[in-house]
Number of protein chains: 2
Amino acid sequence: MFTNFDGFGSVPGIEVGRSFVNRRALANAKVHRPLQAGICGTALLGAESIVVSGGYEDDEDDGDVIVYTGQGGRDPDTGRQVRDQTLTLGNAALVTSQATGAPVRVVRAVRHGSKRSAQPSYRYDGLFHVEDSWSDVGRSGFRIWRYRLVQRDYAKKETSGQSLIEPIGRTKPTRTEATFQRVIRSTKVAEFVKQTHDFTCQVCGARLRTPTGAYAEAAHIRGLGQPHSGPDVAGNVLCLCPNHHTLFDFGTLTIADDLTITDHAAGTAIGRLREAPDHQIDRAHLAYHREHYSEGWKHSTDGASSDDIDAEN
Amino acid sequence: MFTNFDGFGSVPGIEVGRSFVNRRALANAKVHRPLQAGICGTALLGAESIVVSGGYEDDEDDGDVIVYTGQGGRDPDTGRQVRDQTLTLGNAALVTSQATGAPVRVVRAVRHGSKRSAQPSYRYDGLFHVEDSWSDVGRSGFRIWRYRLVQRDYAKKETSGQSLIEPIGRTKPTRTEATFQRVIRSTKVAEFVKQTHDFTCQVCGARLRTPTGAYAEAAHIRGLGQPHSGPDVAGNVLCLCPNHHTLFDFGTLTIADDLTITDHAAGTAIGRLREAPDHQIDRAHLAYHREHYSEGWKHSTDGASSDDIDAEN
């Protein structure tokens with residue numbers, strides 16, 4: 001049967017929960033195509049799928065929220081981190097997935113018996129989205145890339161084995177075909193900060209008007225979700241326009257302790273953060289953001305070497 | 001027990017599915033406070049709750065997606081639409097809810113027996129978010145305001161009867177406390193349009209850079225969801241920066257057939273939409289957007305009269 005499967009999203013005929021005896025079976029089913037790499041994808045198009053092996057010391061798996069560690073820098077024999085990971089190959093692909101909102105297939109390794117050395121089987125666990133990406137220094141002492149992937153409820157409703165879909169789009173799209181991106185969360189504290197700044201962007205001074213008022217977004221400097229565990233207090237929130245919120249979340253903008261704003265894409269300072277009398281920004285959170293979100297701008301995505309691909313993750 | 005209930009979100013102690021014998025009981029429980037109006041809220045803060053009576057000829061209820069009709073303009077005796085609705089009071093409150101992302105409690109009237117005249121009971125059906133708002137000409141021939149409300153999956157997990165929460169925020173916020181806004185959907189066609197424009201905003205020429213590429217959003221001119229039923233084809237999609245996507249969705253920007261862009265907040269034209277050779281925009285969809293999204297800018301939110309509140313909806 002001809003289908004529109006192009007590598008992203010559900011694989012026709014493969015339901016959530018399907019098990020595979022080994023990586024070869026996973027690859028044959030097109031659920032996760034590489035036999036060794038933990039991430040399948042490119043910086044240009046994003047990541048199709050990942051394998052959560054459970055073997056990585058810095059991974060965290062909460063069922064519908066996964067904190068996943070990037071690939072590279074591990075000793076192939078011992079599996080230990082022996083050098084910094086770079087924002088290349090699969091690691092760059094997962095950042096692209098965050099930008100496009102395209103769904104990522106998640107496969108979990110399931111180990112049988114108590115021995116860590118036992119060969120795992122693999123279970124397809126549905127579609128996730130990359131909500132956040134940052135760099136960190138792992139338990140090894142080397143720099144790693146990390147991603148928060150969240151399972152979308154619509155993914156559970158998604159049906160596989162769809163019939164022919166015209167390649168130029170659909171006149172009657174169904175909800176399950178859409179991808180999602182940029183789920184903006186707000187809280188009562190965030191609403192307070194936006195009102196304090198009268199919905200004016202602290203970076204550029206823009207104030208977006210709607211017919212019934214103004215629109216701004218609250219950017220948590222240190223994220224609320226695991227593993228950042230930032231507090232939901234005004235000192236951890238900025239009032240930003242959607243554009244500068246996006247750039248702040250991707251680390252294109254960082255803010256120094258003196259509130260100077262640096263645009264890393266331009267390589268220059270672009271001014272100073274606007275302040276409000278009742279809104280004191282916690283410098284510790286600005287430092288956390290600089291440390292974890294600007295790393296991608298320090299390294300070129302060129303010059304990746306093939307030994308950056310390792311067995312799993 | 002002291003709680004942080006301030007009118008928005010779950011009412012402590014009231015679980016989803018709870019029934020109430022009449023509007024008085026609903027009001028006493030603070031689930032929906034007004035005894036007659038279908039919308040509880042203000043243009044400043046947004047809507048706390050709505051009652052879906054099922055009695056409005058233009059309402060549509062698909063369970064987790066509701067297309068709700070605004071209030072006002074109905075004859076109190078016959079319930080028929082006898083004049084245009086305006087973007088005031090509860091109607092303005094629901095637009096504000098779209099901008100803030102705050103959850104709206106949804107109550108459904110449940111009618112017993114076959115008689116339409118039978119007194120209904122009321123059931124609290126959980127938290128929804130306003131994803132879209134527009135105006136339309138109803139079956140009556142008069143202008144009405146309409147809203148698409150979508151039930152969020154997190155709302156189902158939300159617990160009530162929470163204990164004391166410090167008013168300045170929380171150091172360990174839980175996921176269930178966050179509100180959501182601006183869920184941006186994308187599709188394969190949308191990805192094509194973004195790539196065709198090299199992620200450059202068709203309104204302002206901005207191109208937001210991330211460490212692994214550029215970021216833009218695909219704006220469907222005529223929405224994919226019910227009841228717009230816009231097609232997912234390139235001619236119905238614009239490549240916009242997040243700021244201009246927001247302004248387009250709220251009708252602050254409209255685009256004429258000659259691609260002149262009007263900023264209704266400024267009251268002036270602000271230039272012409274940027275084109276790409278392979279991307280022909282369907283003028284019928286631009287006309288649909290102008291007709292349904294710019295109406296809010298034609299009427300002041302001042303001067304609302306009290307007879308704009310009617311019994312239900």
Taking a label point 7 Å from the Cα of A:V82 along Cα-to-Cβ, the residues of region A:120-141 whose backbone nitrogen sits under 14 Å from it are none
Using +1 on the beta carbon of Lys and Arg, -1 on that of Asp and Glu, and nothing else charged, what's the dipole of region A:188-298 about the Cα centre, debye to 20? 200
What's the local net charge at B:F180, with K and R +1, D and E -1, over the other residues with C-beta under 9 Å away? +3
Along Cα→Cβ at 7 Å, what distances in nm separate the B:R139 label point from those on the other copies, shortest first? 6.3
Filter A:K30/B:K194; A:K30/B:K188; A:K298/B:K194; A:K194/B:K298; B:K30/B:K298; A:K30/A:K298 down to the pairs with a C-alpha to C-alpha distance above 30 Å, please. B:K30/B:K298; A:K30/A:K298
Between the label point of B:K298 and that of the same position in each other copy, find the distances and list them shortest first in nm, with every label point placed 7 Å from Cα along the Cα-to-C-beta direction. 5.6
Taking the convex hull of Cα positions in region B:188-298, its mean projected area over all directions (nm²): 6.8
Let me know the charge dipole size of region A:9-153 about its Cα centre in debye, to the nearest 20, where only the beta-carbon of Lys, Arg (+1) and Asp, Glu (-1) is charged. 620
What is the Å³ per residue value for the convex hull set by the Cα atoms of region A:39-97? 84
Label model pair B:C204, B:V137: point-to-point distance (7 angstrom along the Cα→beta-carbon line) in nm is 3.5
Between B:G79 and the same site in the other copies, what are the distances in nm, shortest first, taking label points 7 Å from Cα along the C-beta direction? 6.6
Peptide-level mean, for B:241-253, of C-beta atoms on other protein chains within 10 Å: 5
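Each reported figure results from applying straightforward, stated rules to the coordinates on display, with no laboratory input. The shown structure was predicted, so the numbers you read here are calculated from the model rather than taken from an experiment. Quick reminder, even Gly has a Cβ in these numbers, built from the backbone with ideal geometry, and neighbours come from all protein chains shown.
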